[in-house]
1. Hey, could you check segment 767-821 for residues that are in contact (Cβ under 8 Å) with a residue 24 or more places away in the chain and touching a Ser or Thr at 6+ places or on another chain (Cβ under 8 Å) and say which is most open to solvent (accessible area, probe 1.4 Å)?
2. Out of the residues in segment 46-68 that are open to solvent by less than 60 Å² (accessible area, probe 1.4 Å) and aliphatic (A, V, I, L, M), which is farthest from Gly258 (Cα to Cα)?
3. Taking Glu216 as the residue in question, decide whether it is over 15 Å from Glu95 (Cβ atoms), modelled with pLDDT of 85 or more, part of a loop (DSSP other than H, G, I, E, B) and not hydroxyl-bearing (Ser, Thr, Tyr).
4. Would you pick out the residues in segment 886-937 that are charged (D, E, K, R) and open to solvent by less than 80 Å² (accessible area, probe 1.4 Å)?
5. Hey, does segment 693-716 have a residue that's modelled with pLDDT of 85 or more, closer than 18 Å to Phe644 by Cα and of a type outside the set (D, E, K, R)?
6. Among all residue pairs at least 6 apart or on different chains, which show Cβ distances below 6 Å where the first residue, located in segment 1335-1352, is touching a residue at least 40 places away in the same chain (Cβ under 8 Å) and the second is surrounded by fewer than 17 Cβ atoms within 10 Å (Cβ to Cβ) and part of a helix (DSSP H, G or I)?
7. Might you let me know whether segment 749-760 holds any residue that is within 30 Å of Arg709 (Cβ to Cβ), surrounded by fewer than 14 Cβ atoms within 10 Å (Cβ to Cβ) and at pLDDT below 85?
Amino acid sequence: MYFQTLTNLELQKMLVPNQGGSCWTERCALSCWMKQNINKKECALFQKGPSEEICKCGYSKEAHNVEAIKPEDFVGETWNKHRHVLDVPTNAFGEIQFDGLQQTTAKYARVSSETSPEVLYDLLTEQWHLLPPNLLISVTGGAKNFNLKPHLRNMFHRGLIKVAQTTGAWIITGGTNAGVMKHVGQAVRDYSLSNSIQGQIVAIGVATWGVIHNREALINEEGCFPALYMTDKTSQGRLSCLDKNHTHFLLVDDGTHGHYGVEIELRTCLEKCISGKQLGKKDSSVTIPVVCVVLEGGPGTLNTIFNAMKNGTPCVIFEGTGRIADVIAQVSGLPLQQITITLIHQLMEKFFGQEYKKFTELSVIEWTKKIQDIVRMSHLLTIFRVTEDSHGDVDVAILKALLKASRSSETLTLDCWKTQLELAVAWNRVDIAKTEIFTEDSLWSSADLHQAMFSALVGNKPQFVTLLLENGMSLRKFLQNEETLCNLYREMPSCIFLRKLAKRVHSKADLVDSNNITLTHVSDEVRHLLGNATRHIYPPYVEQRYCMSAEDLSLSLSKNNGAPRPAGEVAQRDASSDVFLWAVLQNNRDLAEIAWEQCQDSICAALAATRILKKLAGGESDAEEAEEMLNQASHYEEHAIGVFSECYNTDEERALKLLVHVSNFWGGTTSLWLALKAEDKRFVALSGVQAFMTRVWCGELSVDNHILRVLICMLFFPLIYTGFLAFRHDELFQKEAKKQEAMKKVKRVTGNTHGAQSLGSAPDKPLSCWDRLVSLYGSPQVKFYWNIVSYFFFLNLFAGVLMMDFHATPSVPELLLYVWVFSLVCEEFRQLFCNSDGFGFKIKAKLYITDLWNILDVLSILLFLLGLAFRLTSELFYAGKIVLCIDFVVFCLRLMAIFTISQTLGPKIIIVRRMMKDLFFFMFLLSIWVVAYGVAKQGILIHNDTRLDWIFRGAIYEPYLIIFGNFPENLAEAKFSLDSCSMNGTDPLKPKCPILNENHAPVFPEWLTITMLCVYLLFANILLLNLLIAIFNFTFQEVQDNTDRIWKFQRYELIKEYHSRPAAPPPFIIFSHLSLLIRSIWLCKSHCKSKDLKDQTEAMELLSWEALMKDRYLLSVKQETSRSTDRLILDTAQKVTSISERLEREEESVSAVVLKRLTRLEEQVNQSAIMLQWIMDSLKSTAKEEKPDTSNAADESSSCLRNESASKDKFHVNCRQYYYPSSKVTRFPVPDEKVPWQVSFSSYQPSCYTSEDGNDCIDGQDGADKFRNPGGRTGVRGRGALSHFGPNLHLDLVLTRWKDGERSALEYLAICDSSQSIFTLPSGPVDCDDHLPENLKTTLGNELYRTINAKVSEGKKLPKCYVDDSRNTDNAWVETTVLNIHLDRTSQVMVDINPQVRH
């Protein structure tokens, strides 16, 4: 198992740097998937086409395989595209690497024109790993090169990229390096260059495979990774090159070569497929929106716009780009009656130029009809006009077009508003939501915004969170259901907290499914981060919500100290704190900032965040992420400092109450405890916090008492009754008395009794004599002084016993020493086992052992017990004394704890502790040189010495002494003496002599030993010692710079210790211990107290006041930020940019206005010339008495009739749709002006269509001659899909009844149309209106049908009227009548119909 784990780790390390193995695996998987799911088209029959070597498919003979040239299956057949072009696995996919200076790469695939759109969507999302889009932008227009005005081009590039970037959209184009596709590619390129993040913008090119130049480089059966593609526009001819700035390509293949437009159908299907996908999460009711953006274009673009709008896709057309875009833009604001064939002729000639001459009259008529239909769908049409748009924001125009399409109905329902809001959240466009959604027309409740808030939180969209809160969103109602908060944690992005949570629930796989995360798991991990001394933030059961006070003295001082919460009391959570905690745990600064501004207990929240972030940063392996967490922790410490400073400056007493206020929102902690736990030294060093700690240190004594007064009263306590020492109780009593006196004066003067009552917390009488005595000796300050005196006596006693009175039989002073130490042991047991804070023994022991001074206490006691055990044994008597002497050193070191109260000496203790750490690492470095030199020296001088003590002395001790100047004499021959050593090492008191010669002189190389000594001294004395001095100097300077802050932080521990310590010093403290023991055994009482209403009200008022101070602080921060230099520079830059853009727009608009005026002036001149010519012709005709031209009169009357008819009638629309329903028949285009039969339409040549399922006995030609649609032309002759020529009667049944209840309501019968998921009235075709339609038998049932049919004569009928039905033709149309039958409450029909209907 160990070997297997090691192998996996090694493989992972090998794969991470270069990703070679993983890339190869992905490519193999992609290749297999492509071959199984993606096909191409291939011609299976070669037949000569335009030339001998070219097939009818357009490919050369060499491009066909052998089976296609000599087919066996298609012998004697004529080439047919649908039969002889077959699907085979694709042979072109992978990655394209384009040539050029900026070598870009893109993914591509050659796909069949009959490929399922679902497969293509899987290719994009699953295989190419694209995130599903929040918006689909289909860009269409001119495929040839066209010039955009620089200002318009920049606006298009900037707006398109902005909308794609902010919304996460996909851009779909034709993919070639020409026309509008080229402009889209340039926009993507500009974005990638400016942001250095290529790949964020997804630009998908859907092009025809058969028209791609140099496509041979893309062919490889196993895929190309990459395929080198050359963009050569000079030799492309009629073909097209791919655009290098697109990110993905779908190359559509229908088996032919050189035919454009093959991809249109598949692209339309793909866009429709994507638009049917759900937006965002799978349970969303909103689908991915699609918008069509049009620049320039010709007749093909007009067809694209028409088909897109027929499918409900909104279109944004850019005015000023040319051709068909400008034609539609010119007529978009006109009434339909003014959009005539003549006007379209004029606009076509104006914007198409020479190309207009190639258009036929029939084409213009067709385009007129389509343009009228486009203008008629005004809710789907948006014209982007630069001159009218003050901002020129293309992205805003595109997104507004989508919202405009979604609110097409006249009455906007709540679901419609919700859909628009969900779209805006998905796009992350707060500006659109402000201007288009949160308006006076929309009324929102908090529940309506819950889904949007959830999406904004999960999607990390802080601006939307703020907007929703400003518009009535209630976080309390949002998190009223705990499942919502659970879902937030389940949707949390990957972070260190999730990894910690995974370890806690012991299953990462479960976390990936996000089903096993509960608030209990979150509470356990948060409790671990805050500290185990806290309560669970989300307790699983009410019984577990015990009241655990904080470790510090602040909670011990509170009235509810240590009181467990009653089982029936459940703390109400603060929803803002829940969201704040959720944001902090994932280190989301923006969302956390918003939530913190809403928190009730803001100081505790900020300090808890610092504690959590510092704890998370300690376990974060990513250095940058850890540094960001620490910066975030510092930021919230600043918030806590700012709010508390604002509170303290306003009201000191309330501010001090905030420090000890128990926050149920944060595990029963206090602000002071959280600050100390998080080591927020800057917060603890605040004057308000120090004032509170000083007050606690003095106890009931006044903080203004001089230390000498306190020391004198400690020795002569009767002085406390003379006013020599001030008490805080007396000061409060005097202040209250003065306040009452002032109120009485006000009452006598004004007669107002308001506010005359004193505060309930103020003292009502002075301190008694006993209370003064207890307050004096119960003060932590006095306890500390007595313990110092006691400790000095203890050390004197200990030293005297060790030096003067240590006998075999313990003396009286030694016995007193034992009693004294026993009292110290009892005190340590009290600190460890006394659970006044309610922590429990495990947490209490953990907190106890983490204190350095407690460790010294335990060590000193253990050494004393060990020495005492040895001392009482005669054999180990002297060893016991040695142990006790060492123990005396430890007791003396413990004396340093008293210096922590001193502002001068306290920081020095910290310096010593830090220098000890530095010294440890220094000794590690020094030991290397000491051992290296000592072993070498010993080996050179001494030969085979077996005495370990002298080996250690020569190899370790002597080199160490050399550092301090004690040089050994045996290194130099001149100082060597035989008397100082033993020849064979037999003398235990002398070292062994070095190797000697016959003359008893040392034989070691003196030059070598001296050189080694010099090198050793150089490194050890000069380098390492100076390094140690530098380290000590750095540590000293670091602490010295923060002396005041460090001292203020460290004095807390001493204050906490003596606050809970009994009043009597050792050894008299043992009586206090006995008292505590007796009280715990015999007088054990429950301290469980529930908060009364007064305490709860006071706490709520305190939090409300804190919230007010927080608002003041935030306002001041905002003002400081607005006045900062960086903000002023930024505002100035924005103003300069806006001014420059406005100047550019004004310059563009001025030129456009001048051009328009010149054009209008030219038209007026032309009209004046025409009128003058007409006057001249009239004068000439009058003089010559010529006859008027009858043809002109006829045309004029026809024109007048046409205009009159157009102005009075609203023509049918549905029966002039381009495609006749349920058939492949296309209608002849009939513009509005040509609908009336009275208007001449000489080119009207409609097709004739008559279905086979009719039952009309009239011949088709007779019916066509006999019947004519009263609504006008429809574009189709014949009977169509109707039953017979002429009017086809349709009956709508309105069956009503009164509903019984408190308020009577009129109900009507409706049936569900399952095909369209809508409710309709019962209806159907009839021959006459004296009976019901036959098709209602299936819906109503035979019995009910006969019953209602018998009541037809009793019903009320409306007159017949013409219906604009899509099935109408020139010779057959639908007329309808409405039949209303009202049922009585006592009718038998009511009984029969009730079981069949659903209310």
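1. Here the answer is Ala808.
2. Ala68
3. No; evaluated as a whole, the condition is false for this residue.
4. Listed by number, the residues that qualify are Asp887, Arg894, Lys908, Asp918, Lys937.
5. There is at least one residue in segment 693-716 that is modelled with pLDDT of 85 or more, closer than 18 Å to Phe644 by Cα and of a type outside the set (D, E, K, R).
6. Cβ pairs passing all conditions: Leu1344/Asp1392.
7. So far as segment 749-760 goes, yes, one or more of its residues are within 30 Å of Arg709 (Cβ to Cβ), surrounded by fewer than 14 Cβ atoms within 10 Å (Cβ to Cβ) and at pLDDT below 85.
Yes or no, residue by residue, for (1) surrounded by 23 or more Cβ atoms within 10 Å (Cβ to Cβ); (2) on the phi > 0 side of the Ramachandran plot:
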site	(1), (2)
Leu250	yes, no
His257	no, no
Lys272	no, no
Gly297	yes, yes
Asp326	no, no
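The values are calculated or read from the model by the stated rules, or taken from the named source; none is laboratory data. The model shown is predicted, which means the values in this text are computed figures rather than measured ones. As a convention, Cβ positions derive from the backbone with ideal geometry for all residues, glycine included, and neighbour counts pool all protein chains shown. All accessible areas refer to the heavy atoms of the entire protein, side chains included, with ligands and DNA or RNA removed. Shrake-Rupley method; radii C 1.70, N 1.55, O 1.52, S 1.80 Å.
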